[in-house]
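Visitor: Supplied in structure tokens, the structure appears directly below.
The values are calculated or read from the model by the stated rules, or taken from the named source; none is laboratory data. On a predicted model such as this, the values are computed, not experimentally measured, just so you know. As a convention, Cβ positions derive from the backbone with ideal geometry for all residues, glycine included, and neighbour counts pool all protein chains shown.
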Amino acid sequence: MAVDIERRDAVAVITLNRQEALNAMSPEQLDALEERLREADTDPAVGAIVLTGAGPKAFCAGADIGHMREATPDEARAFARRGHDVADLIEHMDTPVVAAVNGYALGGGCEMALACDVRVCSDNARFSQPEITLGILPGWGGTQRLARATSLGFAKEMILTGRAAKADEALAKGLVNHVYTADELMDKAVELAASIARQPAWAAAAAKRMCNLALGGDKAEALAREVDTFALAFTTPDQREGMAAFLDKRTPNFSRG
Ligand code: CAA
């Protein structure tokens with residue numbers, strides 16, 4: 001199986017598993033990733049996902065260069081669209097996704113991590129958008145998401161030079177929230193995902209949607225939508241349960257799914 005899925009209680013761990021190519025993604029790999037993501041997102045018992053890469057070296061070394069080598073512009077466009085489909089799915093699906101970056105996150109690998117809601121990494125992680133060094137440019141959302149996650153100047157430096165950032169620099173720039181040792185990484189990522197999975201599912205999905213509007217787009221429109229969505233939360237049993245539990249000084253019993 002090129003992309004694995006396993007459950008740890010309410011967390012689904014999805015693992016890119018093509019170690020012989022440092023988990024680089026071919027169209028087949030993208031299809032398999034999409035399938036696993038949809039499987040987890042539609043499972044009412046899953047409250048959060050951790051996305052990671054198999055082996056000690058790489059989260060994902062990018063789009064499959066062998067596949068792209070002889071691509072025509074139309075084929076390259078189709079491959080970029082396919083990568084965008086999967087990155088957009090991660091960003092917009094209801095289930096929050098934590099990227100556990102365990103080594104190289106390069107090109108399309110960095111772009112998939114950027115599409116995740118939260119990123120954590122091991123101290124041996126390396127992030128880069130090296131496409132410029134291949135005569136191309138990021139094609140799975142990196143030109144937009146890297147600047148939004150960090151700053152426009154940092155993103156331009158990375159994309160225009162293709163240089164790699166180590167874990168401590170990624171942390172300083174806001175590209176990741178936490179750095180752990182390689183041994184700690186998965187437990188910490190699953191712990192973080194579990195703390196999201198414990199929250200009421202409707203509110204978590206609505207909050208994710210609203211946070212996605214924080215950068216870019218029309219701010220006034222986003223703020224108006226936040227008001228509407230806030231009001232909508234008051235049609236759910238979880239709102240009543242959550243507030244009652246707070247006032248009763250007890251742990252809330254939220255519905256799942
Ligand atoms: N595509 C296809 N194969 C890849 C790959 C990729 N992106 N990255 C690594 N591999 C393969 C290598 O070809 C090699 O295969 P063989 O054993 O058959 O030769 C195997 O993985 C192991 O790689 P290395 O021997 O190179 O390992 P290393 O430790 O010496 O170097 C590395 C590791 C620095 C990550 C290096 O492999 C590398 O630079 N990889 C390419 C990274 C890259 O440029 N990624 C961007 C791709 S373009 C893109 O992603 C476009 C986009 O926006 C969608």
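Visitor: Search segment 20-37 for residues that are more than 18 Å from residue 107 (Cβ to Cβ) and pair each with any residue that is near the ligand (Cβ under 10 Å from one of its atoms) when their beta-carbon atoms are under 9 Å apart and the residues are at least 6 apart or on different chains.
Guide: Every condition considered, the pairs that remain are 31/82; 34/82.
Visitor: Looking at the structure I just gave you, is residue 85 under 28 Å from residue 210 (Cβ atoms), among the acidic types (Asp, Glu) and away from the ligand (no atom under 11 Å from the Cβ)?
Guide: Details: under 28 Å from residue 210 (Cβ atoms): yes; among the acidic types (Asp, Glu): yes; away from the ligand (no atom under 11 Å from the Cβ): yes.
When the stated conditions are applied, residue 85 passes them.
Visitor: Another question, if that's okay. Only residues that are more than 12 Å from the ligand (Cβ to nearest atom), part of a helix (DSSP H, G or I) and touching a strand residue (DSSP E or B) at 6+ places or on another chain (Cβ under 7 Å): list them for segment 16-36, please.
Guide: 32, 33, 36
Visitor: Scan segment 41-55 and give yes if some residue there is surrounded by 15 or more Cβ atoms within 10 Å (Cβ to Cβ), under 10 Å from the mean Cα position of the chain (by Cα) and farther than 23 Å from residue 172 by Cα, otherwise no. Reasoning before the result, please.
Guide: Initial filter on segment 41-55 (surrounded by 15 or more Cβ atoms within 10 Å (Cβ to Cβ)): 41, 43, 46-55.
Those left that are additionally under 10 Å from the mean Cα position of the chain (by Cα): 49-52.
Those left that are additionally farther than 23 Å from residue 172 by Cα: 49.
Yes, segment 41-55 contains a residue that is surrounded by 15 or more Cβ atoms within 10 Å (Cβ to Cβ), under 10 Å from the mean Cα position of the chain (by Cα) and farther than 23 Å from residue 172 by Cα.
Visitor: Could I ask something else about it? Among 110, 116, which is the only one that is crowded, with 24+ Cβ neighbours inside 10 Å and modelled with pLDDT of 95 or more? Full working, then the answer.
Guide: Details: 116 fails: crowded, with 24+ Cβ neighbours inside 10 Å.
Only one candidate qualifies: 110.
Visitor: If you don't mind, there's one more thing I want to ask. Can you confirm whether segment 214-234 contains a residue that is surrounded by fewer than 18 Cβ atoms within 10 Å (Cβ to Cβ), in a loop (DSSP other than H, G, I, E, B), modelled with pLDDT of 95 or more and out of contact with any Ser or Thr (no Cβ under 8 Å at 6 or more places or on another chain)?
Guide: The answer is no; no qualifying residue exists.
Visitor: Additional query: Restricting attention to segment 117-130, and to residues there that are assigned to a strand (DSSP E or B) and within 12 Å of the ligand (Cβ to nearest atom), which single residue is nearest to residue 80 (Cα to Cα)? Walk me through it before giving the result.
Guide: The initial filter retains those residues of segment 117-130 that are assigned to a strand (DSSP E or B), namely 118-122, 126-128.
Now narrow it down to the ones that are within 12 Å of the ligand (Cβ to nearest atom): 126-128.
Numbers: 126: 23, 127: 20, 128: 18 Å.
My answer is 128.
Visitor: Then there is this: For segment 130-169, what are the residues that are of a type in the set (A, V, I, L, M) and either closer than 16 Å to residue 119 by Cβ or in contact with a Gly (Cβ under 6 Å, 6 or more places away or on another chain) (or both)?
Guide: Selection gives 132, 146, 147, 149, 155, 158, 164, 165, 167.
Visitor: Just to be sure I understand the filter: pairs with C-beta atoms under 6 Å, separated by 6 or more residues or on different chains, first member in segment 239-250 and farther than 16 Å from residue 202 by Cβ, second member in a helix (DSSP H, G or I). Which pairs pass?
Guide: Filtered contacts from segment 239-250: no entries.
Visitor: Any idea which of 81, 36 is basic (Lys, Arg) and within 16 Å of the chain's Cα centre (by Cα)? Reasoning before the result, please.
Guide: Numbers: 81 fails: within 16 Å of the chain's Cα centre (by Cα).
When all the criteria are applied, what remains is 36.
Visitor: Another question about this same structure. Residue 95: assigned by TED's automatic domain parsing to the domain that holds residue 123, surrounded by 17 or more Cβ atoms within 10 Å (Cβ to Cβ), in a loop (DSSP other than H, G, I, E, B) and away from the ligand (no atom under 12 Å from the Cβ), yes or no? So that I can check it myself, show each step before the final result.
Guide: Numbers: assigned by TED's automatic domain parsing to the domain that holds residue 123: yes; surrounded by 17 or more Cβ atoms within 10 Å (Cβ to Cβ): yes; in a loop (DSSP other than H, G, I, E, B): yes; away from the ligand (no atom under 12 Å from the Cβ): yes.
Judged against the criteria, residue 95 is a match.
Visitor: Follow-up question, since we're still on this one. Quickly run through segment 131-159 and pick out the residues that are more than 21 Å from residue 64 (Cβ to Cβ), part of a loop (DSSP other than H, G, I, E, B) and among the aliphatic types (A, V, I, L, M).
Guide: If the condition is that a residue be more than 21 Å from residue 64 (Cβ to Cβ), part of a loop (DSSP other than H, G, I, E, B) and among the aliphatic types (A, V, I, L, M), then no residue fits.
Visitor: When the residues of segment 37-78 are filtered to those that are at pLDDT 95 or above and in a helix (DSSP H, G or I), which remaining residue is nearest to the ligand (Cβ to nearest atom)?
Guide: Filtering first and then ranking leaves 37.
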